[in-house]
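Laboratory data are not the source of any read-out in this text; all were calculated from the coordinates shown. Computed from a predicted model, the values in this text were never measured in an experiment. With ideal geometry, Cβ positions are generated from the backbone for all residues, glycine too; neighbour counts draw on all protein chains shown.
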Amino acid sequence: MDDRKSVIPAHVGAEGEDVTTWGLPEGAIARLGRGCNPDFAFSPDGQYLVMGNTLGLWVYDLETLSPIVLWESERGMIFHIAISPNGKWIAACNSDEIIKVLDIQNGACLAQVKLENYITNLTFSHDSQYLAAAYARTSTVEIWHAETCKPVAKYTSDSEEASFFRPVSFSPDTRLIASTYIHDSTDGEASIIVWDVQSHEQIACLSAHTNWISTICFSPCGKFLASADEDGPVYVWGVENWRQVHCYKDYGGVYRIIPSWTPDGNLRAAIINFDKTDPVTISVRDLETGEQLYNDQVWGNTVQFSDADDWGNTVIFSNGSQLAYECRHDFINVWTPEYPYRRQFTHSPISFPSSTHSRDAFPTFAVFSDDGKTLAVKHHHEGVVLWDIASKRSRPAVKVESAGKNQFLYKTVNGKFYVASIRDDTVTLWEADSDRMPLIEGTGRKYWGASPALSPTGKLFAYADEDGNLKVWDVQSGNQIYELKHPLESNDEGDEDDEDTICDLQFNIDGKILASKSNSTSPAVILWDMEFGEMKETSPSNTATGILGMLVLRKLKPRSREVVHISHDRKYLSSLGNNTYLYDVKENDYLTRLSLPKGLEDMFWVAEFSMCGKYFAAGTWWQEGMEKMVICLWEVETGKQIATFRGHPTDVHALAFSPDNKLLASTSYDGSILLWDLTPYIDD
């Protein structure tokens with residue numbers, strides 16, 4: 001296959017602009033990454049690919065594969081989009097349950113409507129007169145006038161069982177509209193409901209699928225309706241009598257199949273194949289002739305099911321000849337009649353950071369290098385990524401693909417970055433940004449459970465298996481030096497969700513103590529002496545401070561819910577909750593109480609101290625009704641709040657100060673990193 005790629009740098013727009021400065025909130029100087037969870041739509045003239053995602057609405061030029069503009073970034077969180085067949089409007093629905101119709105020439109909002117609930121699909125009628133959506137939590141389809149968003153009709157099936165996968169489609173003459181529902185008395189079986197748009201009568205109920213239906217589409221002539229479920233056959237129904245006229249099946253290990261009619265009436269399908277042993281592929285086939293028109297290997301043989309599941313729904317196949325799909329949460333692949341081969345460009349998302357670690361865990365989500373030139377970030381999908389601050393480009397911290405993407409980030413006291421990776425039951429430790437072989441490679445580590453731990457000195461590395469065995473390695477020699485046993489409580493009922501496991505594993509600052517914490521046993525926390533490899537101390541229950549706080553501070557009883565962070569010099573602790581305090585470790589007493597914005601006291605969960613210990617920042621997680629997350633900055637000694645930033649549309653997952661305190665980096669579930677300018681507030 002002829003494989004070509006765009007040469008346009010990821011951070012440059014079609015006119016050479018710096019994309020990282022588009023649509024920035026006040027106080028931010030750059031945005032790294034362009035969001036995640038995309039939905040795609042091709043313009044009718046084939047000139048643009050529009051992408052709605054967590055950051056807003058991106059428009060890409062299909063010839064250059066470069067971004068042209070970013071709209072709706074003030075709120076973002078766009079999950080569904082559609083382009084009118086006349087090429088005039090873009091419809092976008094965000095997480096606030098608001099549909100907006102935008103002018104495709106300038107992004108101006110022409111009309112909007114507040115929905116009753118979440119929707120799962122959005123489509124225009126073929127004459128561009130109507131806009132329709134299928135609701136997720138009720139078996140309802142609603143239609144509005146496209147240009148005004150005034151309601152036209154609402155249809156509800158006899159079933160009360162709804163689905164989060166409900167396609168909707170107009171017939172070419174706009175006489176009919178079809179959607180789906182799941183039978184409330186069966187396990188996953190779904191039917192297609194067809195309504196008459198004018199009379200509002202249900203005129204057909206088509207049942208054959210044994211799984212949720214992912215796609216329905218009328219043929220250009222209006223005589224046929226094609227449907228496909230998650231992994232089964234494609235059915236073609238005759239509109240005149242609503243009988244099944246074709247069934248296309250037997251395409252191997254189908255993960256998802258998306259049928260689409262060409263303008264001249266040929267039925268094709270984009271097919272994602274995945275059977276857990278062979279490479280994951282996406283292909284385009286003519287269903288009538290069986291001819292394969294396109295094929296791309298998306299993942300290698302070592303793919304895990306969760307990897308494929310993460311990207312399987314970010315695919316659009318329209319007009320039987322326009323294909324766009326996200327690959328590895330980093331690239332967008334495009335196949336069109338004008339360019340009948342794979343073209344790939346870097347959308348440069350951050351994806352969303354994993355949130356499985358305890359909030360006081362040593363493996364951080366984001367941290368600057370000592371020279372401030374690199375920002376290291378741990379991502380959920382792409383492992384650990386290193387961002388060059390000057391060029392605003394990223395690179396993987398571990399270049400060996402076989403390492404897997406389940407990775408953990410560490411920075412030692414001497415400023416070196418390390419990465420631990422887990423694939424199957426193998427755990428490895430790597431020196432970040434190096435071509436060297438792994439420093440340590442061990443087995444017996446299961447996917448779930450405590451993150452591996454590296455001592456802050458970089459000398460010791462530890463991980464736990466599912467039986468509570470702690471394996472401790474010497475990093476320099478690469479040899480295992482201890483195997484310790486943390487007793488686990490047996491589960492007589494056999495419920496895997498209630499099984500006792502090691503849920504946290506941490507070293508203290510000098511690496512002389514390793515702490516392990518289990519879910520339910522007593523003692524829950526055990527401190528291990530690393531000089532002799534034996535038990536040193538136990539705690540009968542989970543302490544309020546978490547085990548890293550326990551290693552630093554033993555006597556102080558926090559008034560708030562938990563200690564969420566410890567300063568880099570171990571002088572201060574922070575405790576967030578209804579009352580937020582900073583603690584002086586040396587004095588073993590409270591230092592100051594911090595004031596939080598009214599109404600957001602319970603929303604601050606992520607916190608970070610500056611490297612010098614003079615400043616403290618905290619960010620909020622999303623709560624219904626919040627449009628922009630809040631990040632506050634304080635002076636540690638005085639407790640004075642000196643800055644407030646609002647930018648991310650959803651959860652702030654990590655904060656990091658640059659060593660010179662000129663930048664504050666915030667990572668978010670929205671798939672981006674914002675760099676905030678601290679120079680107006682900090683005089684260092």
Using 5 Å bins from zero, what percent of all Cα-Cα pairs in the range 98-139 falls into each bin?
6, 19, 25, 26, 17, 6, 2
Residue by residue through the range 568-577, the couplings from Karplus 6.51 cos²θ - 1.76 cosθ + 1.60 with θ = phi - 60°, in Hz, x for Gly and Pro, are 5, 8, 6, 8, 10, 10, 10, 9, 9, x
Anisotropy class of the range 582-684 from Cα gyration tensor, a/c 1.5 cut
oblate
Exposure proxy ranking, count of Cβ atoms within 10 Å, fewest first, for MET51, MET603
MET603, MET51
Given the peptides 463-475, 198-210, arrange them by the average over their residues of other C-beta atoms within 10 Å, most packed first.
463-475, 198-210
If the convex hull is drawn through the Cα atoms of the range 57-178, its volume per residue in Å³:
109
Packing-ranked peptide list from 663-672, 105-114, 432-441, highest mean Cβ count within 10 angstrom first, is 663-672, 432-441, 105-114
If you stretched the chain out fully between ASP127 and LEU293, how much longer would it get, using 0.36 nm times the residue separation minus the C-alpha to C-alpha distance?
56.8 nm
